[in-house]
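The block underneath contains the structure these notes are about, expressed in structure tokens.
The values are calculated or read from the model by the stated rules, or taken from the named source; none is laboratory data. The structure presented is a predicted model; accordingly, all values stated were derived computationally and were not measured. Using ideal geometry, Cβ is built from the backbone for each residue, glycine included, and neighbour counts are taken over all protein chains shown. For accessibility, only protein heavy atoms count, side chains too; no ligands or nucleic acids. Shrake-Rupley method; radii C 1.70, N 1.55, O 1.52, S 1.80 Å.
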Amino acid sequence: MTSNKKPLHASPLESHLGFWLRFVSNHVSARFAALVEEQGITVSEWVALRHLFDSDGAAAGELVDTLGMTKGAVSKLVGRLEEKQLLARAASPEDGRAQTLALTAQGRKLVPALAELADKNDALFFGHLPAEKREELIAILREITQRHQLRALPTE
């Protein structure tokens, strides 16, 4: 009796774009995490600091939405940044129960230094690519992000 079953087939890992994206991302992210940790900062703290750098103040709920973290996780993150004197909370002028988060002078000074580490990390991994290829890669990844409506920033 012959079997009508097809032989099992599994595509190789290396044939998947997701494999390569994750492979490169893990290495880029791990090196950057080590660089910021040398400065006493986690990647999630860096992302929050960088987000707040562009604003005069933000509600904690805005960080929850931006970072894609739970309220509890953002609360702990904000507490750590306060302990490090990089962030301050103040009552919202519109609603005294709500809090506005803003960088301290020390936090504002730290963000450009951390951004320089991010720039150097990118240069290490992607600097060998011509500018047009880097721009094309960013455009492709942004297109995928928009198509799938990916919103939460990578914090881990």
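Roll a 1.4 angstrom probe over the protein heavy atoms and tell me the percent of accessible area of the range 17-156 that is carbon or sulfur. Of all accessible area on the range 17-156, carbon and sulfur atoms account for 55 percent. Compared with the dominant Cα axis of the chain, that is its longest principal axis, helix 43-53 is turned about 50°. With 0.36 nm allotted per residue and the present C-alpha distance subtracted, the Asp95-Ala59 stretch has 11.9 nm of extension available.
Mind pulling the angle between the C-alpha long axis of helix 71-83 and the longest principal axis of the chain? Nearest 10 degrees, somewhere in 0 to 90. So the inclination is approximately 50 degrees. Over the range 71-156, Cα pairs under 8 Å with separation of 6+ residues give a relative contact order of 15 percent. I need the calculated FRET efficiency for the pair Lys133 and Ala34, taking r as the beta carbon distance and R₀ as 22 Å, to the nearest 0.05. Plugging the Cβ-Cβ distance into 1/(1 + (r/R0)^6) gives 0.25. Non-local lysine pairs in the chain, meaning eight or more places apart or on different chains, with alpha-carbon distances under 27 Å, amount to 8. Shape class for the range 45-135: prolate, because the ratio a/c of the largest to smallest gyration tensor axis (alpha-carbon atoms, square roots of eigenvalues) is 1.5 or more and a/b beats b/c.
Between the amide H of Ala59 and those of Leu101, distances stay under 5 Å, these residues lying 5 or more places away or on another chain, with hydrogens modeled in the peptide plane.
Given contacts defined as C-alpha pairs under 8 Å and at least six residues apart, what's the relative contact order of the chain, whole-number percent? Contact order relative to length: 26 percent.
Per DSSP H run of n ≥ 4, the term is -39500 (n - 2.57); total these for the chain, divide by its residue number, and report the mean residue ellipticity at 222 nm rounded to 500 deg cm²/dmol.
Rounded to the nearest 500, the figure is -19500 deg cm²/dmol.
With a cut-off of 13 Å between beta carbons, the residues surrounding Ile138 carry a summed charge of -2, where Lys and Arg count +1 and Asp and Glu -1. Using a probe of 1.4 angstrom and keeping all protein chains present, the accessible surface of the range 30-109 works out to 56 square angstrom per residue.
Going through (i) 196; (ii) 182; (iii) 148, the figure that equals volume of the Cα convex hull per residue in Å³ as computed for the structure here is (i).
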